[in-house]
Amino acid sequence: MTTRTADKPRLAILGGGIGGLATAAFLRREGFDATVFEQATRIAEVGAGLVVAPNAARQLRRLGVLEELAKNAVKLETGWEFRRWQDGTVLSSENLASSCQRLYGEHTYTAHRADLLAAIQSRVPVEDVILDRKCVGLDTSGNTLRLDFAGGESAEADVVIGADGVHSIVRNTLFGASAATYSGLCAFRALVPADRAPEFARRPAQTLWIGPAHHLVHYPVAGGDYVNLVAFAPAGDYTTESWTATATVDEFLAEFEGWDPRLTDLIRAAGVPGRWALLDREPLARWSEDGVTLLGDAAHPMYPFFAQGAAQAIEDAAVLARCLAEGVDDPATALRRYEAIRIPRTTKLQAASHMRAEINHLPDGPEQQRRDQAYANEDPLLVNGWIYGHDLEASFAETVAVR
Ligand SMILES: Cc1cc2nc3c(=O)[nH]c(=O)nc-3n(C[C@H](O)[C@H](O)[C@H](O)COP(=O)(O)OP(=O)(O)OC[C@H]3O[C@@H](n4cnc5c(N)ncnc54)[C@H](O)[C@@H]3O)c2cc1C
């Protein structure tokens, strides 16, 4: 066991993505100083969009950054608008304009990732983020935890939070390197300038076109200046899991041959699309050991089919900060409480996202018709209430006694 210093623990966060910076911001809100170590030479997000669902918006409001973000975001009027692949027949949709705020107290937004990251970063002092620090080792054997960086530097801490993404070195150190499995799926993505995108894609709507073995999602971002396009297709022998790998428009188009021509026009406007393989990882039963824990994609990578990965990282950050604030004398117990609160919810979301890979890709036939009927009969905004209406306060109350 590591010995903890009295008073406030020294906190190190590995990774300056949405999860790591949100953690630094929530910790600061609770009166802690934490140091973020990021391997990149600047804080940046890839050129892509994401959905900020009401559960994420609620936490961003607590951080005091939602209004700033909303200036550059798009307030959606329609969510989860499922359409049939061949002709765009609408199977179901959420009327967010009339219901989202009333049901969940917040709207649903779409944003450019860089805008979300910048909003969160505005709550973290510049001096608390140390760039160009690629962690190559974590030593938990001594009285204090030690992070070793490429280049020979090192840092000591009492608590280490691994927010270092899907290839997490912290997760591998704690629980052993576990190989991801092949999902059979890959994703194409692009940001299309709004002036090159057709009108239907510029609407304030999150639209999903579903068809055999494929589906495609689009929504406007960056105040409507761009349309974010992401599409899922069989991966073949493609296994590169990277935000920076690219494909050609022809490869993208070939996957969606025969789909509604409005969509293929949108793909043609895509420029150079990104492409990456979706790998599969089992949920972890534990996240913490000896003052070290995991957060965000390092803890619970999930298929993006509920658009909740970053939202869950932000919720993790809020819960972790609160647990450490209430358990400042005993961080190891605080970390156990944190994982006890968070693991059931993120595991459920990992499973739900997984199931959508099956459901959204059914071949045309009786099962697909039953699915379409089920979509038509349900209101996704109500069905997803367990995600959007989640009450973090209640989850604290239920786990006060965790030891
Ligand atoms: C196609 C797609 C669409 C998505 N859409 C949505 C959506 O609509 N809504 C939503 O909420 N979520 C969405 N997500 C999920 C979301 O993008 C991720 O869950 C989220 O970005 C994870 O943030 P993170 O901070 O945990 O990890 P990351 O963003 O991966 O950040 C990890 C950071 O750690 C750094 N790092 C890694 N290793 C080291 C090291 N050894 N030393 C130092 N630094 C290191 C990295 O450089 C990086 O900055 C989507 C994901 C995909 C793939």
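If I filter region 82-115 down to residues being among the basic types (Lys, Arg) and touching a strand residue (DSSP E or B) at 6+ places or on another chain (Cβ under 7 Å), which single residue comes out as nearest to the ligand (Cβ to nearest atom)?
Initially, region 82-115 is screened for residues among the basic types (Lys, Arg), giving 83-84, 102, 113.
If we keep only those that are touching a strand residue (DSSP E or B) at 6+ places or on another chain (Cβ under 7 Å) too, we end up with 83-84, 113.
On the way: Arg83: 18, Arg84: 22, Arg113: 7 Å.
In this case the residue turns out to be Arg113.
If you take just the strands (runs of 3 or more DSSP E) that sit entirely in region 132-202, which of them hold at least 3 residues that are under 29 Å from Val221 (Cα atoms)?
On the way: elements: 135-139, 145-149, 154-157, 159-162, 181-193.
Strands (runs of 3 or more DSSP E) meeting the threshold: 181-193.
Do the conditions hold for Asp250, that is, is it surrounded by fewer than 16 Cβ atoms within 10 Å (Cβ to Cβ), over 21 Å from Trp85 (Cα atoms) and more than 22 Å from the chain's Cα centre (by Cα)?
Numbers: surrounded by fewer than 16 Cβ atoms within 10 Å (Cβ to Cβ): yes; over 21 Å from Trp85 (Cα atoms): no; more than 22 Å from the chain's Cα centre (by Cα): yes.
So Asp250 does not fit the description; no.
Looking only at region 354-389, how many residues end up being assigned to a loop (DSSP other than H, G, I, E, B) and surrounded by fewer than 17 Cβ atoms within 10 Å (Cβ to Cβ)? Steps first, answer last, please.
Filtering region 354-389 down to residues assigned to a loop (DSSP other than H, G, I, E, B) leaves 360-365, 378-379, 384, 389.
After this cut, where a residue has to be surrounded by fewer than 17 Cβ atoms within 10 Å (Cβ to Cβ) as well, the list is 363-365, 378-379, 389.
Going through region 354-389 one residue at a time, the tally reaches 6.
Might you check whether a residue that is under 23 Å from the mean Cα position of the chain (by Cα), within 11 Å of the ligand (Cβ to nearest atom), farther than 23 Å from Ala245 by Cα and at pLDDT 95 or above occurs anywhere in region 136-156?
Initially, region 136-156 is screened for residues under 23 Å from the mean Cα position of the chain (by Cα), giving none.
Scanning region 136-156 turns up no residue that is under 23 Å from the mean Cα position of the chain (by Cα), within 11 Å of the ligand (Cβ to nearest atom), farther than 23 Å from Ala245 by Cα and at pLDDT 95 or above.
Which is within 19 Å of the chain's Cα centre (by Cα) and either away from the ligand (no atom under 11 Å from the Cβ) or surrounded by fewer than 22 Cβ atoms within 10 Å (Cβ to Cβ) (or both), of Arg10, Arg61, Arg42? Steps first, answer last, please.
On the way: Arg10 fails: within 19 Å of the chain's Cα centre (by Cα); Arg42 fails: within 19 Å of the chain's Cα centre (by Cα).
The match here is Arg61.
Among the numbered criteria (1) buried (at least 17 other Cβ atoms within 10 Å of the Cβ); (2) in contact with a strand residue (DSSP E or B) (Cβ under 6 Å, 6 or more places away or on another chain), which one does Arg281 miss?
(2)
Which residue pairs have Cβ atoms under 7 Å apart, sit 6 or more places apart or on different chains, and have a first residue in region 215-232 that is within 15 Å of Gly79 (Cβ to Cβ) and a second that is assigned to a helix (DSSP H, G or I)?
Sorted first by the residue in region 215-232, then by its partner, the pairs are His218/Ala201; His218/Leu266; Pro220/Ala194; Pro220/Arg202.
List the number of the failed condition for Ser154; all other conditions in (1) touching a residue at least 60 places away in the same chain (Cβ under 8 Å); (2) touching a Lys or Arg at 6+ places or on another chain (Cβ under 7 Å); (3) farther than 30 Å from Arg268 by Cβ hold.
All conditions are met except number (1).
Quick check on my filter: what residues within region 218-237 are crowded, with 17+ Cβ neighbours inside 10 Å and over 22 Å from Ala194 (Cα atoms)? Spell out how you get there, then give the answer.
Residues of region 218-237 that are crowded, with 17+ Cβ neighbours inside 10 Å, as a first pass: 218-222, 226-233, 235.
Listed by number, the residues that qualify are Ala233, Ala235.
Among the residues of region 168-192, which ones are in contact (Cβ under 8 Å) with a residue 40 or more places away in the chain and either hydrophobic (A, V, I, L, M, F, W, C) or touching a Phe, Trp or Tyr at 6+ places or on another chain (Cβ under 7 Å) (or both)?
Answer for region 168-192, where residues must be in contact (Cβ under 8 Å) with a residue 40 or more places away in the chain and either hydrophobic (A, V, I, L, M, F, W, C) or touching a Phe, Trp or Tyr at 6+ places or on another chain (Cβ under 7 Å) (or both): Ile169, Val170, Leu174, Phe175, Ala180, Leu185, Cys186, Ala187, Phe188, Ala190, Leu191, Val192.
Yes or no: Ala40 closer than 26 Å to Thr293 by Cβ, at pLDDT 95 or above, touching a Leu at 6+ places or on another chain (Cβ under 9 Å) and among the aliphatic types (A, V, I, L, M)?
Details: closer than 26 Å to Thr293 by Cβ: yes; at pLDDT 95 or above: yes; touching a Leu at 6+ places or on another chain (Cβ under 9 Å): yes; among the aliphatic types (A, V, I, L, M): yes.
The answer is yes for Ala40.
The values are calculated or read from the model by the stated rules, or taken from the named source; none is laboratory data. For clarity, every value in this text was computed on a predicted model and none was experimentally measured. When we count neighbours, we look across all protein chains shown, and the Cβ atoms used for this are built from the backbone with ideal geometry, even at glycine.
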